[in-house]
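Every number in this text was worked out from the coordinates using simple rules, so none of it is lab data. Everything quoted here is computed from the prediction, not taken from an experiment. A quick note on method: Cβ atoms are made from the backbone with ideal geometry, for glycine too, and the neighbour counts reach across all protein chains shown.
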Amino acid sequence: MKVFIHDDADTAAAHTAVIAARSLQRKPAAVLGLATGETMRPVYRHLRDLFAKEDIPTADFTSFNLDEFVGVPPSHPGSFHYFMAREFLDHLGNTGTRCFLPDGMAPDVMAEAARYETSIQMHGGIDLQLLGIGRNGHIGFNEPGTAFDSRTSCIALSDQTISTLQGFTPHLDRDMLPEFAITMGIATIMDAKRCILLATGSAKASAIRAMLEDAVSNACPASVLRNHPDVTIILDRLAAEGLTEAGIAAFQPVFNPQVRMFHTPSDNEK
Ligand code: F6R
């Protein structure tokens, strides 16, 4: 596991974008696992900039988003379909026909979840999975208590997640506040060849500490990433502020890594 700590959230997001862009340069037909949420918004802004300025192939990748709310139509500004269209997919030469999200309006959401899981596998699995983290340590919408062998399914959002959505997702008002989501499972995420988790801001500090310093347990679903063979954690100082000296000694984070797009990255920067 590699841990990077940047001074500010924007540089942490830029680092995440550069890793995704480099992976497309290495493998234009890569399968990307994508995330939504406020943390990811600047990542897509940086990716759009990189795509505009640099020679990055964008026509051939496939993507699978982690999750979508149940019962929020794609045209609703609170849906993850809408978020992805606005922040990323509408800006691509790629027509979006290979950019998938679960269908939260499907009449049978469990069947839709199973179909989505199969579709990921039929595309050869995910090469690079981007992840945020919930304040309660969720990844995707795998809430605390989710079994580590879970696959894509329809889950009930926790009260904490619903109240966070209420406070921070301006387009989801009381009438539209979702209670369920289709999410990739923890085992689905762990099958990705590489995972990048980005966390910024002090609201994530206790989840980051639990993820890195508490026992690996489904009390903090993100802690499962410590069992993944290729995971990179990118933080800003605020998200890292809960780490203890012992945690820092154990994970030896790289502080203020230099992140540039075009050069051969040194080993401690990849
Ligand atoms: C979103 C997702 C969630 C978010 C997490 C953090 O696709 O799967 O796990 O990454 O809830 O959300 P923000 O970034 O809004 O704090």
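Can you say what percent of the DSSP beta bridges in the chain, counting only those with both residues inside, are antiparallel? Round to 5. Can you show the working numbers first?
Numbers: 8 of 32 bridges.
Taking every DSSP beta bridge within the chain, about 25 percent pair in antiparallel fashion.
Taking the number of other C-beta atoms within 10 Å as the exposure measure, put 138, 123, 15, 171 in order starting with the fewest. Mind showing how you got there, number by number?
Working: 138 26, 123 16, 15 21, 171 13.
Starting with the residue having the fewest Cβ neighbours, the order is 171, 123, 15, 138.
If the viscosity is 1.567 mPa s and the temperature 4 °C, what translational diffusion coefficient in µm²/s does Stokes-Einstein give for the range 34-74 when Rh comes from Kirkwood over Cα pairs? In µm²/s, the coefficient rounds to 106. Of the two radii for the chain, the radius of gyration is 0.94 times the Kirkwood radius, both from the alpha carbons; that is the Rg over Rh value. Considering only 113, 219, 52, the Gaussian network model of the chain with Cα springs below 10 Å gives its largest mean-square fluctuation to 52. Comparing 187, 250, 14 in a Gaussian network model of the chain (Cα springs below 10 Å), the most mobile by mean-square fluctuation is 250.
Counting Lys and Arg as +1 and Asp and Glu as -1, each charge on the Cβ, what is the dipole of the range 1-132 about the Cα centre in debye, to the nearest 20?
Working: 11 positive and 17 negative charges, 70 e Å.
It works out to roughly 340 debye.
Of the residues 124, 71, 137, the one that moves most in a GNM of the chain with alpha-carbon contacts below 10 Å is 124.
Rounded if a/c is under 1.5, else prolate if a/b is larger than b/c, else oblate: which is the range 159-247, with a ≥ b ≥ c the root eigenvalues of its Cα gyration tensor? Here the range 159-247 falls in the oblate category. Rounded, prolate or oblate: which one fits the range 79-187, using the alpha carbon gyration tensor with axes a ≥ b ≥ c (rounded when a/c is under 1.5, else prolate when a/b beats b/c, else oblate)? Because a/c hits 1.5 or more and a/b fails to exceed b/c, the range 79-187 counts as oblate.
Ranked from highest to lowest mean number of other Cβ atoms within 10 Å per residue, what is the order of the peptides 115-122, 253-260?
Numbers: 115-122: 16.0, 253-260: 13.8.
Taking the mean over residues of other Cβ atoms within 10 Å, the ranking is 115-122, 253-260.
Screening the chain for DSSP H helices whose Cα atoms reach 20 Å or more along their own axis and whose mean Kyte hydropathy is at least -0.5 gives 9-26.
For the range 1-126, the direction-averaged projected area of the alpha-carbon convex hull comes to 8.5 nm².
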